[in-house]
Amino acid sequence: MAREKLGQEELKSALDALGGWTLAADGLSMQRSFVFKNFSEAFAFMTRVAMAAEQLDHHPDWSNVYKTVDVTLNTHDAGGLTELDFKLAKRINSYFGS
């Protein structure tokens with residue numbers, strides 16, 4: 001999987017096509033919040049995402065408070081967003097049902 005930082009045009013196009021994710025204030029990451037019915041659903045979601053992250057060898061920055069999971073993605077060694085971030089984000093969206 002390519003770990004080269006996306007250019008501004010590629011980044012805008014990829015974000016527009018993704019749905020639900022926004023560019024973080026730093027301009028180097030993307031983020032999304034996921035809200036569930038309860039903690040158990042949030043934790044089950046995090047477990048599925050963790051398995052995907054391991055499979056891709058690409059791990060999110062995230063936090064969980066009760067039924068909300070906040071996720072931030074970027075590729076640290078590339079200094080910004082890469083195709084790998086979007087591949088993981090698509091999987092995350094599919095686990096959430098969006």
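The values are calculated or read from the model by the stated rules, or taken from the named source; none is laboratory data. In this text, all values refer to a predicted model and were calculated from it rather than measured experimentally. All Cβ positions, even for glycine, are placed from backbone atoms using ideal geometry, and neighbour counts span all protein chains on display.
Given the criteria at pLDDT below 95 and in contact with a helix residue (DSSP H, G or I) (Cβ under 6 Å, 6 or more places away or on another chain), does H58 qualify?
Criteria met by H58.
Evaluating N64 against the criteria (1) farther than 19 Å from G19 by Cα; (2) in contact with a Lys or Arg (Cβ under 7 Å, 6 or more places away or on another chain); (3) not β-branched (V, I, T) leaves one unmet condition, (2). Kindly evaluate A53 against the criterion of being touching a helix residue (DSSP H, G or I) at 6+ places or on another chain (Cβ under 6 Å), within 17 Å of R3 (Cα to Cα) and aliphatic (A, V, I, L, M). It is false that A53 is touching a helix residue (DSSP H, G or I) at 6+ places or on another chain (Cβ under 6 Å), within 17 Å of R3 (Cα to Cα) and aliphatic (A, V, I, L, M).
This table checks each residue for (1) among the polar types (S, T, N, Q); (2) farther than 18 Å from L84 by Cβ; (3) over 11 Å from the mean Cα position of the chain (by Cα); (4) modelled with pLDDT of 95 or more.
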{"position": "K5", "(1), (2), (3), (4)": "no, no, yes, no"}
{"position": "S13", "(1), (2), (3), (4)": "yes, no, yes, no"}
{"position": "A25", "(1), (2), (3), (4)": "no, yes, yes, no"}
{"position": "F34", "(1), (2), (3), (4)": "no, yes, no, yes"}
{"position": "W62", "(1), (2), (3), (4)": "no, no, no, yes"}
{"position": "K67", "(1), (2), (3), (4)": "no, yes, yes, yes"}
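Checking each residue of the range 71-80 against the condition of being closer than 19 Å to R3 by Cα, of a type in the set (D, E) and at pLDDT 95 or above gives no match.
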